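Input: a single structure, listed below in structure tokens.
The values are calculated or read from the model by the stated rules, or taken from the named source; none is laboratory data. Keep in mind that what you see is a predicted model, and the values were worked out from it rather than measured. As a convention, Cβ positions derive from the backbone with ideal geometry for all residues, glycine included, and neighbour counts pool all protein chains shown. Heavy atoms of the whole protein, side chains included, go into the accessibility calculation; ligands, DNA and RNA do not. Shrake-Rupley method; radii C 1.70, N 1.55, O 1.52, S 1.80 Å.
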Amino acid sequence: MWKDYFYYSRSERRAIVVLLLLVVMGFGGLFLWRGMPGARPDAGREESARIDSFLAGVKAKERRFVRGGNVRKEMYGSVPVRLDFFDPNTADSARLRSLGLSVFVARNILRYREKGGVFRDLDALSRVYGMTDSQFVALRPYVRIASAFSVRGDVPVRETVVMSEKEHLVPVGPAKLPEGSTVPLNQADTSLLKRIPGIGSGLARMIVAYRHRLGGFSRIEQLQEIPYLDMGLNRWFELKDGPYRKLRVNRDGLDRLRNHPYMDFYKAKAIIEYRRKRGRIKGMARIAMFEEFSEADMQRLAPYFSFD
């Protein structure tokens, strides 16, 4: 009986043989293809990994370039900062870098000198492109210009200065005020401020900028709100009048109010909201009722508020 199930005609047997041959040929071709180079299933993954590795290497090289130039950081490495006396007219790149200056600023100093420029005073050094006020303030006490410089024609010539062994080199700059002198804090410009011993271009600009933000100083002690300004410098100043520009509490907008050094967004918003809902603010007594203002805020802001 079972032979009936496995009986095939001659044409059916031929078809089965051809089918078996095709199956064998198919498996043989598959094995041959897997053995060929680059024909492995994971070949695509390996190629993708190689591409990713190449792109990562390119990005790493790009990061080693200094922004704005073709000078590589690895050519310089990290330089330990060591503040010491230096002459900007003679210091080399290594010396400038050891003072904490960036490659960009050191290069600008050297290029300025290569083109015939000379640093005759502290103000010239403060104008180097890329040097921040904080950098200049930190370096100012260490600047020692060995001698005066003059320009004859197009060639800078060093003028010899004879000094005794006991004399020390001092920066060349504007004539300083004698001890006991005072300057008006709310009127002095940067030129006058730089004549005060201990104040250079950087600090002078910081004083004028903060005075502009305040609208004028109301107390000399406000100078200590400026970074790097020592209390010992207060003796050089006098106040002939108070603030010259006040905040108009009932007129100024949100931006004008919040940009004052003693204000912020929430204080300014409280004033604007009160004006919108209840009208004019008549005095500091009403401001004192706002929870955004502390007692210290009231004392600092009283000279700067106008309720006209």
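Figures for the structure shown
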item	result
Condition met for residue 301 (without any contact (Cβ under 8 Å) to a residue 24 or more places away in the chain, open to solvent by less than 20 Å² (accessible area, probe 1.4 Å), over 30 Å from residue 141 (Cα atoms) and hydrophobic (A, V, I, L, M, F, W, C))	no
Neighbours by Cβ (under 9 Å, 6+ apart or cross-chain): first from the stretch 200-211, over 11 Å from residue 227 (Cα atoms); second buried (at least 22 other Cβ atoms within 10 Å of the Cβ) and of a type in the set (Lys, Arg)	200/194; 201/194; 204/194
Residue tally, condition assigned to a helix (DSSP H, G or I) and in contact with a helix residue (DSSP H, G or I) (Cβ under 6 Å, 6 or more places away or on another chain), over the stretch 232-251	1
Hits in the stretch 93-122 (condition: assigned to a loop (DSSP other than H, G, I, E, B), farther than 15 Å from residue 138 by Cβ and open to solvent by 40 Å² or more (accessible area, probe 1.4 Å))	115, 120, 121
Residue selected from the stretch 177-230 under the condition of a type in the set (Lys, Arg) and assigned to a loop (DSSP other than H, G, I, E, B), by the criterion surrounded by the fewest Cβ atoms within 10 Å (Cβ to Cβ)	219
Subset of the stretch 233-270 [of a type in the set (Gly, Ala, Ser) and surrounded by 13 or more Cβ atoms within 10 Å (Cβ to Cβ)]	242, 268, 270
Residue among 286, 256 that is farther than 30 Å from residue 140 by Cβ and without any contact (Cβ under 8 Å) to a residue 12 or more places away in the chain	256
Pair list, Cβ < 8 Å and 6+ apart or interchain, from the stretch 1-21 residues that are at pLDDT 65 or above to residues that are outside any helix (DSSP H, G or I)	16/8
Any hit, the stretch 237-247, residues being under 30 Å from residue 138 (Cβ atoms) and of a type outside the set (A, V, I, L, M, F, W, C)	yes
